[in-house]
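Worksheet for the structure shown next.
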Amino acid sequence: MTTPPKPIDIVPLKNRPAWKALEEHYARVRDLQLRQLFATDPQRSGTFTVEAVGLYFDYSKHRINAETRNLLVELAEQSGLRQHIDAMFRGDKINVTEQRSVLHVALRAQKGEPFFSDGVDVVPEVHAVLDKMAAFAEQVRSGAWKGHTGKRIKNVISIGIGGSDLGPVMAYEALKHYSQRDMTFQFVSNVDGTDFVEATHGLSAEETLFIICSKTFTTLETMTNGRTARSWALNQLKDEKAVAKHFVAVSTNTAKVVEFGIDSANMFEFWDWVGGRYSMDSAIGLSTMIAIGPDHFQAMLAGFHAMDEHFRTAPFHQNLPVLMGLLAVWYNTFFDAQTVAVLPYDQYLKRFPAYLQQLTMESNGKQVTLDGKRVSYQTGPIYWGEPGTNGQHSFYQLIHQGTKLIPCDFIAFLQTLNPVGTHHELLLANVFAQAEALAFGKTPDEVRSEGTAEWLVPHRTFEGNRPSTVILAERLTPETLGKLIALYEHSVFTQGTIWQIDSFDQWGVELGKALANRIIPELAETADKELTHDSSTNALIRKYRKLSANSSK
Ligand code: F6P
């Protein structure tokens, strides 16, 4: 593309009246104390809790008052969020730098509900692929799909990276309770050969199916692991024809899939209007569908869809993704908080924070606005986290008593999928207690009243006033998972819209890839061949060459 796309007609962030009002407001409220806010308003919990789409979203323990919320909502309106949502659902090319529609919402559309990209309704294609996935998944699950030697498939290995891996791994772990337990599911992403070797350790190729997932089908890591998988399988099966029974592909790039040696009949398609990190409910989720079955997969899509509809239609002050996004803007941009901790109190969600890292940071880790101007405010926060209660015995110390402000998202389920003794009550008591402790802390006088020696009082004091959201759902089901993921997707969208950045490109990953491609042949060259990098990089390459020359002697 040689000409830049038409600039977006939105007033720059700092010139929007709501922004100016928020700056003044921030100066007035930044020292508000949650203790006081709760003490003076017995209704506060109700005022700042929204129950929608089956989620209980309590944001009362945030350093806001009703005026803050109203101003943030005004900011969203003045940022064109309503128009931007409509533009996304309409299929406009809101991924400006790549000139693409952003239509992951179409992946969970119901049959007959149209979504257009370049004037074409994409929903029939989406459902055709879902049907093809379902038929294949059923064959594999039932054992009707046989390997080359006639044995049933017991092991599924999904190979991909980034958006072609993190969603499937997270969803498999999250929904393991619903998975077919006589099969194993592994995920290989890292170009480090250890990942592949450990995943295939002890497996028989006769019983193993590889799903090669790559939107582009050119990604170094995935192609390398894919080729290694091919050699590994053929080494055992000794017949090229075996590829047809042990390899399928998920991609937008048919030519590359065929070039790799996978028949296009064994390819599951998706489209360039699906961003990698928004693709886990496309064919990229084939491993998820094989694991949990087509019905559960459909239920997950229904969960996504319910949140999409809520995001599209609910007023902003009751709109969960909008509120979540606005709170992220509030802390990141006004309080200069650098991170958000995501703390799921459910072991099945152990990979959820890792999944969210790509979703949030590859989307909003941007330094220029849509028209290419350097931003003069903070953008995407760092997302991180671990499942509770493990984090409590590790990094929570810093959240409670450190010098940094870290807003937390606590996620918990009222019913457990694994009732064992009193475990679940203990788990829930802990999540509720953590949110309470962060918000209200413990004053020096309270510490003293426990008989603590004066010199220890400062050490045992908790300042409190540390913000958190508590998100509760009844049970971790495929549907609930879909809702939670879509909640974060649209929160990211809300933040990106306010910051006026392109949440759907990822140019920041390119430079490292290009430099690695330059270094790959240099590592293999003879020790004295001239290198033209900086002195540090040259020395690192020479160090490797020397060591590999010595080890090959
Ligand atoms: O790391 C950059 C990236 O392009 C991600 O956005 C994407 O999810 C990942 O690589 C994998 O890309 P592909 O699916 O094309 O292999």
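How about region 131-141: which of its residues are open to solvent by less than 70 Å² (accessible area, probe 1.4 Å) and either free of Cβ contacts under 8 Å to residues at least 40 places away in the same chain or farther than 29 Å from M183 by Cα (or both)?
At the first step, the residues of region 131-141 found to be open to solvent by less than 70 Å² (accessible area, probe 1.4 Å) are 133-137, 140-141.
Passing the criteria: only A135.
Working carefully through the options Y355, Y278, Y377, find the one that is modelled with pLDDT of 95 or more and away from the ligand (no atom under 16 Å from the Cβ).
Working: Y355 fails: away from the ligand (no atom under 16 Å from the Cβ); Y278 fails: away from the ligand (no atom under 16 Å from the Cβ).
Only one candidate passes the filter, namely Y377.
Kindly indicate the residue of region 166-222 that is among the acidic types (D, E) and more than 23 Å from the chain's Cα centre (by Cα) and also nearest to the ligand (Cβ to nearest atom) among those meeting that condition. First the steps, then the outcome.
Of all residues in region 166-222, those among the acidic types (D, E) come to 173, 182, 192, 195, 198, 206-207, 221.
Then drop every residue that is not more than 23 Å from the chain's Cα centre (by Cα), which leaves 182, 198, 206-207.
On the way: D182: 30, E198: 21, E206: 28, E207: 26 Å.
Ranking the qualifying residues of region 166-222, first place goes to E198.
Answer with yes or no whether T228 is within 16 Å of the ligand (Cβ to nearest atom), in contact (Cβ under 8 Å) with a residue 24 or more places away in the chain and polar (S, T, N, Q).
Values: within 16 Å of the ligand (Cβ to nearest atom): yes; in contact (Cβ under 8 Å) with a residue 24 or more places away in the chain: yes; polar (S, T, N, Q): yes.
In short, yes.
What's the total number of residues in region 47-69 that are open to solvent by 30 Å² or more (accessible area, probe 1.4 Å) and over 25 Å from F335 (Cα atoms)?
Counting residues in region 47-69 that are open to solvent by 30 Å² or more (accessible area, probe 1.4 Å) and over 25 Å from F335 (Cα atoms) gives 4.
Pairs needed: first member in region 269-280, closer than 17 Å to K93 by Cα; second member anywhere, basic (K, R); C-beta distance under 6 Å; at least 6 residues apart or different chains.
Filtered contacts from region 269-280: D272/R100; W273/R100; G276/K215.
Inspect all residues belonging to region 232-241 and state whether any of them is closer than 25 Å to A299 by Cα and either of a type outside the set (A, V, I, L, M) or more than 16 Å from the ligand (Cβ to nearest atom) (or both).
Pass one, region 232-241, residues closer than 25 Å to A299 by Cα: none.
No, region 232-241 contains no residue that is closer than 25 Å to A299 by Cα and either of a type outside the set (A, V, I, L, M) or more than 16 Å from the ligand (Cβ to nearest atom) (or both).
For the subset of region 152-162 comprising residues that are open to solvent by 10 Å² or more (accessible area, probe 1.4 Å) and within 10 Å of the ligand (Cβ to nearest atom), which member is nearest to C213 (Cα to Cα)?
I161
Take S45 and decide whether it is farther than 30 Å from F115 by Cα, in contact with a strand residue (DSSP E or B) (Cβ under 8 Å, 6 or more places away or on another chain) and assigned to a helix (DSSP H, G or I).
On the way: farther than 30 Å from F115 by Cα: yes; in contact with a strand residue (DSSP E or B) (Cβ under 8 Å, 6 or more places away or on another chain): yes; assigned to a helix (DSSP H, G or I): yes.
It is true that S45 is farther than 30 Å from F115 by Cα, in contact with a strand residue (DSSP E or B) (Cβ under 8 Å, 6 or more places away or on another chain) and assigned to a helix (DSSP H, G or I).
Restricting attention to region 358-369, and to residues there that are in contact (Cβ under 8 Å) with a residue 40 or more places away in the chain and surrounded by fewer than 22 Cβ atoms within 10 Å (Cβ to Cβ), which single residue is farthest from the ligand (Cβ to nearest atom)?
Restricting attention to region 358-369, the residues satisfying the condition of being in contact (Cβ under 8 Å) with a residue 40 or more places away in the chain are 358-360, 362-366, 368-369.
Subsequent filtering for residues that are surrounded by fewer than 22 Cβ atoms within 10 Å (Cβ to Cβ) retains 358, 365, 368-369.
Working: Q358: 7, G365: 12, V368: 18, T369: 21 Å.
It comes out as T369.
Among the residues of region 301-349, what is the count of those that are farther than 25 Å from R30 by Cβ, of a type in the set (D, E, K, R) and open to solvent by 10 Å² or more (accessible area, probe 1.4 Å)?
3
Taking A134 and the conditions (1) assigned to a helix (DSSP H, G or I); (2) touching a strand residue (DSSP E or B) at 6+ places or on another chain (Cβ under 9 Å); (3) more than 16 Å from the ligand (Cβ to nearest atom), which numbered condition does it fall short on, given that it satisfies the others?
(2)
Restricting attention to region 70-106, which residues are hydroxyl-bearing (S, T, Y) and under 23 Å from the mean Cα position of the chain (by Cα)? So that I can check it myself, show each step before the final result.
Just the residues of region 70-106 that are hydroxyl-bearing (S, T, Y), to begin with: 79, 97, 101.
Selection gives T97, S101.
Say whether the condition of being under 22 Å from the mean Cα position of the chain (by Cα), of a type in the set (F, W, Y), in a loop (DSSP other than H, G, I, E, B) and within 30 Å of Y178 (Cβ to Cβ) is met by at least one residue in region 391-398.
No, every residue in region 391-398 fails to be under 22 Å from the mean Cα position of the chain (by Cα), of a type in the set (F, W, Y), in a loop (DSSP other than H, G, I, E, B) and within 30 Å of Y178 (Cβ to Cβ).
With L414, L438, L398, L426 as the choices, which residue is open to solvent by less than 20 Å² (accessible area, probe 1.4 Å) and of a type outside the set (D, E)? Reasoning before the result, please.
Values: L414 fails: open to solvent by less than 20 Å² (accessible area, probe 1.4 Å); L398 fails: open to solvent by less than 20 Å² (accessible area, probe 1.4 Å); L426 fails: open to solvent by less than 20 Å² (accessible area, probe 1.4 Å).
Just one listed residue meets the conditions, L438.
Of the residues K350, K373, only one is closer than 27 Å to R16 by Cα and basic (K, R); which?
Values: K350 fails: closer than 27 Å to R16 by Cα.
Of the residues listed, the single one that is closer than 27 Å to R16 by Cα and basic (K, R) is K373.
Look at G293 and say whether it is more than 20 Å from G54 (Cβ to Cβ) and free of Cβ contacts under 8 Å to residues at least 40 places away in the same chain.
On the way: more than 20 Å from G54 (Cβ to Cβ): yes; free of Cβ contacts under 8 Å to residues at least 40 places away in the same chain: no.
So G293 does not fit the description; no.
Filter region 41-72 down to the residues that are closer than 19 Å to F311 by Cβ, of a type in the set (S, T, Y) and touching an Asp or Glu at 6+ places or on another chain (Cβ under 8 Å) and list them by number.
Correct list: T49 only.
Could you please give the count of residues in region 502-530 that are away from the ligand (no atom under 16 Å from the Cβ) and under 18 Å from the mean Cα position of the chain (by Cα)? Before the answer, list the steps.
First pass over region 502-530, keeping only residues away from the ligand (no atom under 16 Å from the Cβ): 518-530.
Remaining after also requiring under 18 Å from the mean Cα position of the chain (by Cα): none.
Here the count works out to 0.
The values are calculated or read from the model by the stated rules, or taken from the named source; none is laboratory data. Bear in mind the structure is a predicted one, so any value in this text is a computation, not a measurement. In this analysis, Cβ positions are derived from the backbone assuming ideal geometry, glycine residues included, and neighbour counts consider all displayed protein chains. Accessible surface areas use protein heavy atoms only, side chains included; no ligands, DNA or RNA. Shrake-Rupley method; radii C 1.70, N 1.55, O 1.52, S 1.80 Å.
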